[in-house]
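Okay, so here's the structure we're looking at.
The values are calculated or read from the model by the stated rules, or taken from the named source; none is laboratory data. Remember, predicted model here, so these are calculated numbers, not experimental data. Here the Cβ positions follow ideal geometry from the backbone for every residue, glycine too, while neighbour counts run over all protein chains shown.
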Amino acid sequence: MPWWLQTLIGLAIALAAIWLALIAALLIAKPGKAQLREALRLLPDLLRLLRRLAADPALPRGVRVRLGLLLVYLAVPIDLIPDFIPVLGYADDAIIVTAVLRSTVRRAGLGAVRAHWPGTDDGFAAMCRLAGLRDTG
């Protein structure tokens, strides 16, 4: 078997394993319907926040790249778990957004996220609560 075919098969197996691990994490996490409903209300502000953060040259390049990739992932209609599956279909997007937001806060600080938040103070507090971030202001 040629090396490139072995590499391709190995890559496919690795992607399948990662996909199965993410599905298992979603099944274990099982976000509540109330949390999911609150997250959906915040979606327009959250998308504007991600776009603003990705365009901010003051943020580290790695953070901007992650945010740009997240925006591409959210724009592509193909998901890890299709959206027609109740609760879990949208939960995969929410978990990925949460992971990227936490990573952004670790690298850039909550102040940078707060400075770019387009919504209300209550909305920011809800976003922090849903993402597991500490709102100190």
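A few points about this structure:
- Checking every residue in segment 56-69 against the condition of being modelled with pLDDT of 75 or more, under 13 Å from the mean Cα position of the chain (by Cα), more than 19 Å from Ala108 (Cα to Cα) and surrounded by 12 or more Cβ atoms within 10 Å (Cβ to Cβ) gives zero matches.
- Identity of the residue in segment 88-113, of a type in the set (D, E, K, R) and surrounded by fewer than 18 Cβ atoms within 10 Å (Cβ to Cβ), that ends up nearest to Val63 (Cα to Cα): Arg107
- Failed item, numbered, when Leu53 is tested on (1) surrounded by fewer than 18 Cβ atoms within 10 Å (Cβ to Cβ); (2) over 30 Å from Ala16 (Cβ atoms); (3) aliphatic (A, V, I, L, M): (1)
- For the residues Leu59, Leu71, the requirement of being over 19 Å from Met127 (Cα atoms) and touching a Leu at 6+ places or on another chain (Cβ under 7 Å) singles out Leu59.
- Matching entry among Gly137, Gly111, Gly89, Gly132 (being at pLDDT 85 or above and not β-branched (Val, Ile, Thr)): Gly111
- In segment 25-43 there is no residue that is in the same structural domain as Asp121 (by TED's automatic domain parsing) and modelled with pLDDT of 80 or more.
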